[in-house]
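Asker: One structure is given below, represented as structure tokens, and several questions about it will come after.
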Amino acid sequence: MSNIKKIFVVMLLAVSFQVWAYTPHDPIVISGDSDFTAQNGVTGGSGSSTDPYVISGWEITTGDTCITVSNTTSYFVVTDNTCYNPVIITATIRTGFSFTNVSNGTVSANEIHSLYGEIGDTAGENGGSVYGIVLEDVTNFDINNENNLYMFLGGVGYLGASGGAGGGGGAAYGIYATGTNSELDIVNNTFGTVQEGLLGGTGGAGGPGGATGGAGGYGGHSYSVYIIGELSDVEISYNTFAGSFGGNGGAGALGDAGGNGGKGGDGGLQYTVFVDGAISQLEVLQNQFNTLQSGTGGLGGAGTAGTDKGGDGAIGGHGGAIIPIIIDGSNEIATDVIVANNTIGPVIYAGYGAEGDFGATGAIGGNGGHGGNGGPARGVLVSGVSGGSINGNNISDLRAGGGGAAGIGAVGNSQGGNGGNGGASANVYAIMGVNLTDFSISTNTITDIDAGNGAVGAVGAYANFGDGGDGGNGAHGGIAIGIMAENAPSIEILNNEISIMDAGVGGIGAIGGNGNAAVFGQGGNGGHGGSSGDAIGIRVNYSDDTRVEENTLDGIAAGALAGIGNNAGLPNTFSTGGDGGNGGNGTGIYFSNSNNPSYLTNIFRDITAGEGNVGGIPFGRHGIDGVSNTIVLESDGSLRRCIGAGWWCPRTPH
């Protein structure tokens, strides 16, 4: 923004265009400089360097878009307007404001709320998306000073046709920018409240029928700021982001007789600030993020009873990923990116995987569906950038999603159905940098970081006249990493504080189903226990000549206990119990295939490993206990360790 323009905006706010009572107005459309007229909502001058236009004081509740401006170069200010749908059932507004091929605009102190995406109305149709402010090819443009965007809801997907997938939920976008945008400031705005955020739509349920029931539709995604394309000199700062959620996946459906259930839909993403493209000079500074969550997966469909074989239950939908700040220049050229002094947390949670459903009865019992996997969580993710830093951020209460419960196998005459495997938990990384050069990660505070827990396996089923089904395996616990750097030569990771970090616990394996001994049936094998997750304070992969110095790592805890391997069903002459899960490793700093690292004067306290757990009867192996280390150096599978905790670790490992 030019200095003249900045001074003008301050003066504008000082004299105040605050409007206490809005005047109803039709949607405003300006298609060139000559359209800045009173009929098109212009209320006066002094909005530009000499005699700018001001559009102010209007209440717009009809049409598809409240204010549209395109192909202009005149200075203008859109301020103190309100745009909303009065009634959800008759909603028509899908976009608040739209600006295309525009220079020298300012949008300040407006309210855009109660936008509802169109609901799918034919079989399998996706719900519609909603947009607060749309930008395409803008220059010298400001969105600042208390614009308030809240209560956005993507449209719900429609029920699938017979055996067909349900429609996906519509997305909710606060700011949606494409094309080439430069000198763009997004400063001091509010995107959602804890009670009324930007919500992706729910996926539609799958349609019943067919050899396999229809899959549930995906949950709609939620983005507060979404920028793709070519951008330069962009600032995103002093904004508040709260109460926004990815939509939940739709439920899978039943098939026809003997048919399998349909997969549950995956939960929607929650990417709060998403920037992807050719980036030159981007700053993300001093924003507040709290109470954000990605979508939960939809339930898997149950199998349907059959004569020969019962239908299998379907896998539950996976939880959606959550990343408050994601900047990706991997496919373009990205330079000069700074992510600094943001507060991320509390309540930054990824969605859970959903339950797999039951198998159905038949001569051969149907297998239970696997649980869906939990959604991954990242606090800050930066990739494909040359030049920049992630520094001074405070990240707390960040949680990956746990896996969903598995479905139980069904009783069969000749063979019982197998129990489903528990859904895998997801990993959590507070800060992740990939493919970086000339970059530093410093003075960040990371605390209360949790990976999800693995879910238990489901029980194998009894057979009336044959072998019992196998018990499902418990899933592994998620990995927790404070800072992860990969393919980042010469990166500096300095003076960070990482504490209270917990990896996930492994799920318990399930017991095998009993067979019928009178007809020489065997019990099913017991399910294996899931291993607990590793916890690593700082991990560096494939990055030579790195400096990891003067960091404090305190309370780095692998998953406390792995899952139990469970017993085989009876009789167990030829069956085996499940192996117990292995305990996770706790590590302060881990270098993998990274030559010539420097790791001076880091402080390590309370680094703990997890315990392996018992196996089932008979022959189930006891899981291996994890190991705790301050520093691990690994290259092509060869390990050197600096063992111990609670002390200053020297440069040379022992």
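The values are calculated or read from the model by the stated rules, or taken from the named source; none is laboratory data. The structure presented is a predicted model; accordingly, all values stated were derived computationally and were not measured. Neighbour counts are summed over all protein chains in view; Cβ atoms, including those assigned to glycine, are modelled from backbone coordinates with ideal geometry. Remember, those area values only see protein heavy atoms, side chains included, never the ligands or the DNA or RNA. Shrake-Rupley method; radii C 1.70, N 1.55, O 1.52, S 1.80 Å.
Asker: Percent of accessible area on region 160-269 owned by carbon and sulfur, 1.4 Å probe?
Answerer: Details: 1620 of 3100 Å².
So the carbon and sulfur contribution to the accessible surface is 52 percent.
Asker: Now, a different point. May I ask which residue of GLN286, GLY258, VAL273 lies farthest towards the positive end of the charge dipole of region 224-309, with charges of +1 (Lys, Arg) and -1 (Asp, Glu) on Cβ and the Cα centre as origin?
Answerer: Looking along the dipole axis, the top candidate is GLY258.
Asker: Also, quick follow-up: How large is ³J(HN,Hα) for each residue in region 128-139, as worked out from phi by the Karplus curve 6.51 cos²θ - 1.76 cosθ + 1.60 (θ = phi - 60°), to whole Hz, x for Gly and Pro?
Answerer: 3J(HN,Hα) across region 128-139, in whole Hz: x, 9, 10, 9, x, 10, 9, 10, 8, 6, 10, 9.
Asker: Let me ask something additional. For region 207-254, what are Rg and Dmax over the alpha carbons, in angstrom?
Answerer: Values for region 207-254 (Cα only, Rg and Dmax): 18.5, 55 Å.
Asker: Output the 0 to 90 degree angle, nearest 10, between the alpha-carbon long axis of helix 3-15 and the longest principal axis computed from the alpha carbons of the chain.
Answerer: It works out to around 80 degrees.
Asker: Suppose the chain between ASN341 and PHE465 were pulled fully straight at 0.36 nm per residue; how much longer would it get relative to their current alpha carbon spacing? Show your work: numbers first, answer last.
Answerer: Numbers: separation 124, 0.36 × 124 = 44.64 nm, distance 6.62 nm.
Additional length available on full extension: 38.0 nm.
Asker: At what distance in nm do the modelled label points of SER49 and ASN71 sit from each other, each positioned 7 Å from its Cα along Cα→Cβ?
Answerer: So the label points at SER49 and ASN71 sit 2.4 nm apart.
Asker: Consider a paramagnetic label point 7 Å from the Cα of VAL29 along Cα→Cβ; state which residues of region 98-116 have an amide N under 19 Å from it.
Answerer: Only 98-102 pass the distance filter.
Asker: Starting from one equal scatterer on each C-alpha and no solvent at all, send me the Debye-based log10 I(q)/I(0) for region 65-164 at q = 0.11 Å⁻¹, two decimals.
Answerer: -0.40
Asker: Could you run the Karplus curve 6.51 cos²θ - 1.76 cosθ + 1.60 with θ = phi - 60° over region 497-510 and give me ³J(HN,Hα) per residue in whole Hz, x for Gly and Pro?
Answerer: 10, 10, 8, 6, 10, 10, 7, x, 8, x, x, 7, x, 9
Asker: Label points 7 Å out from Cα along the Cβ direction at ASN331 and GLN39: separation in nm?
Answerer: 4.4 nm
Asker: Based on the mean of other Cβ atoms within 10 Å per residue, sort peptides 363-373, 484-494, 564-574, 271-281 so the most packed one is first. Numbers along the way, then the final one.
Answerer: Details: 363-373: 32.5, 484-494: 20.7, 564-574: 23.9, 271-281: 22.3.
Ranked from most to least packed, the peptides come out as 363-373, 564-574, 271-281, 484-494.
Asker: Can you compute the FRET efficiency between GLU634 and GLU230 using 1/(1 + (r/R0)^6), with r the Cβ-Cβ distance and R0 = 41 Å? Round to the nearest 0.05. The partial results should precede the final answer.
Answerer: Working: r = 40 Å, r/R0 = 0.97.
Calculated transfer efficiency: 0.55.
Asker: For ALA257 paired with ASN487, estimate the spin-label separation in nm (one decimal), with each label point 7 Å from Cα along the Cα-to-Cβ line.
Answerer: About 5.5 nm separates the two model spin labels.
Asker: Take every DSSP beta bridge with both residues inside the chain and express the antiparallel ones as a percent of the total, to the nearest 5. Present the calculation step by step, with values, prior to reporting the outcome.
Answerer: Working: 8 of 196 bridges.
If I count the DSSP bridges inside the chain, around 5 percent turn out antiparallel.
Asker: How large is the dipole of region 96-193 about the Cα centre if only Lys and Arg carry +1 and Asp and Glu carry -1, each at its Cβ, rounded to the nearest 20 debye? Could you put the intermediate results ahead of the total?
Answerer: On the way: 0 positive and 10 negative charges, 49 e Å.
So the magnitude is around 240 debye.
Asker: Provide the per-residue ³J(HN,Hα) series for region 300-308, in order, calculated from phi with Karplus coefficients 6.51, -1.76, 1.60 and θ = phi - 60°, each as a whole number of Hz, with x at glycine and proline positions.
Answerer: Computed from phi, the couplings for region 300-308 are x, x, 7, x, 10, 4, x, 6, 7 Hz.
Asker: Next up: Can you tell me the order of 222-232, 49-59, 168-178 when each peptide is scored by its average per-residue count of other Cβ atoms within 10 angstrom, highest first?
Answerer: Working: 222-232: 23.5, 49-59: 19.1, 168-178: 29.0.
By packing density, highest mean first, the sequence is 168-178, 222-232, 49-59.
Asker: Just want the answer: with Cβ charges of +1 for Lys and Arg and -1 for Asp and Glu, which residue in PHE76, GLY41, ASN541 is farthest toward the dipole's positive end in the chain?
Answerer: ASN541
Asker: Quick check for me: using +1 on Lys/Arg Cβ and -1 on Asp/Glu Cβ, what's the dipole size of the chain about its Cα centre, in debye to the nearest 20?
Answerer: Working: 14 positive and 54 negative charges, 316 e Å.
Dipole size: approximately 1520 debye.
Asker: When only Cα pairs under 8 Å and 6 or more residues apart are kept, what is the percent relative contact order across the chain? Intermediate values should be presented prior to the final figure.
Answerer: Numbers: 3135 pairs, mean separation 41.7, N = 654.
Normalised by residue count, the contact order of the chain is 6 percent.
Asker: Between PHE574 and ALA363, what FRET efficiency follows from the Cβ-Cβ distance if R0 is 30 Å, with the result rounded to 0.05? List each step's numbers first, then the result.
Answerer: On the way: r = 22 Å, r/R0 = 0.73.
My answer for the efficiency is 0.85.
Asker: Looking at SER635, VAL347, LEU570, which one has the Cα that reaches farthest to the positive end of the dipole of the chain (charges on Cβ: Lys, Arg +1; Asp, Glu -1)?
Answerer: LEU570
Asker: Just the C-alpha atoms of region 354-484: what Rg/Rh do they give, with Rh taken as the Kirkwood radius? Walk me through the numbers before you get to the answer.
Answerer: Working: Rg = 21.1 Å, Rh = 16.4 Å.
Dividing the radius of gyration by the Kirkwood radius yields 1.28.
Asker: Where the accessible area of region 300-418 is counted over protein heavy atoms with a 1.4 Å probe, how much of it, in %, is carbon and sulfur? If you can, show how the numbers build up before the last one.
Answerer: On the way: 1790 of 3490 Å².
Solvent-exposed carbon and sulfur of region 300-418 make up 51 percent of the total.
Asker: Here's something else I'd like to know. Test of understanding: what is the full-extension gain from THR307 to THR445, defined as 0.36 nm times their sequence separation minus their Cα-Cα distance? Intermediate values should be presented prior to the final figure.
Answerer: Details: separation 138, 0.36 × 138 = 49.68 nm, distance 6.01 nm.
That pair, THR307 and THR445, stretches by 43.7 nm at full extension.
Asker: For region 140-191, calculate the relative contact order in percent as a whole number, restricting contacts to Cα pairs under 8 Å that are 6 or more residues apart. Don't jump to the answer; show the numbers that get you there.
Answerer: Numbers: 67 pairs, mean separation 29.4, N = 52.
For region 140-191, the relative contact order is 57 percent.
Asker: So if each residue of separation counts as 0.36 nm, and I subtract the Cα-Cα distance between ASP438 and ARG605, what length gain in nm does that give? Show your work: numbers first, answer last.
Answerer: On the way: separation 167, 0.36 × 167 = 60.12 nm, distance 3.01 nm.
Contour length minus Cα-Cα distance gives 57.1 nm.
Asker: Right, another one. Please pull out the direction-averaged projected area of region 87-241, using the convex hull of its alpha-carbon atoms, in nm² to one decimal place. Intermediate results must be reported in sequence, preceding the final value.
Answerer: Working: hull surface 39.1 nm².
Mean shadow area of the hull around the Cα atoms is 9.8 nm².
Asker: Still on this structure, please answer the following. Which of the peptides 204-212, 247-255, 69-77 is most tightly packed, and how do the rest follow, judged by the mean count of other Cβ atoms within 10 Å per residue?
Answerer: On the way: 204-212: 24.3, 247-255: 33.2, 69-77: 20.7.
The packing order, highest mean first, is 247-255, 204-212, 69-77.
Asker: State in Å² the accessible area per residue of the chain; use a 1.4 Å probe, count heavy atoms of protein chains only, and round to the nearest integer. Each step should come with its number before you reach the end.
Answerer: Values: 22820 Å² over 654 residues.
Normalised by residue count, the accessible surface of the chain is 35 Å².
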